[in-house]
Amino acid sequence: MDCTRRWGQWRVFYRTEDGQPAYFPAAWTDAGPPDPFVEQAQGRATARWEDVLRLAGKVTQGVKENPPHV
């Protein structure tokens, strides 16, 4: 197993049972470098869940459907 930065993202490389190379994002594991945002947030959220739901309700109220141009 190897953790390398490729294609702009940290990835964990490994070999499958049949010997084929494979990979997945290191963010899915604890193998990659720590995410600066996650470290800075320290488990805190920027908004309460109730506030996010209320905002979503207000946004959907203001959305008007445009009829398709035929």
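The values are calculated or read from the model by the stated rules, or taken from the named source; none is laboratory data. Computed from a predicted model, the values in this text were never measured in an experiment. Here the Cβ is made from the backbone with ideal geometry for all residues, glycine too, and neighbour counts use every protein chain on show.
Checking the conditions here, which among GLU65, GLU50, GLU17 is out of contact with any helix residue (DSSP H, G or I) (no Cβ under 6 Å at 6 or more places or on another chain), among the charged types (D, E, K, R), outside any helix (DSSP H, G or I) and modelled with pLDDT of 85 or more?
Selected residue: GLU17, the only one of GLU65, GLU50, GLU17 that is out of contact with any helix residue (DSSP H, G or I) (no Cβ under 6 Å at 6 or more places or on another chain), among the charged types (D, E, K, R), outside any helix (DSSP H, G or I) and modelled with pLDDT of 85 or more.
How about the range 20-45: which of its residues are surrounded by 10 or more Cβ atoms within 10 Å (Cβ to Cβ) and in a helix (DSSP H, G or I)?
Scanning the range 20-45 gives ALA26, ALA27, TRP28, VAL38, ALA41.
Answer with yes or no whether PHE24 is of a type outside the set (Lys, Arg) and in contact with a Ser or Thr (Cβ under 9 Å, 6 or more places away or on another chain).
It is false that PHE24 is of a type outside the set (Lys, Arg) and in contact with a Ser or Thr (Cβ under 9 Å, 6 or more places away or on another chain).
Among the numbered conditions (1) assigned to a loop (DSSP other than H, G, I, E, B); (2) touching a strand residue (DSSP E or B) at 6+ places or on another chain (Cβ under 6 Å), tell me where VAL12 comes up short.
Every condition holds for VAL12 apart from (1).
Filter the range 15-52 down to residues that are farther than 15 Å from THR4 by Cα and over 19 Å from the mean Cα position of the chain (by Cα), then give me how many there are.
Matching residues across the range 15-52 total 8.
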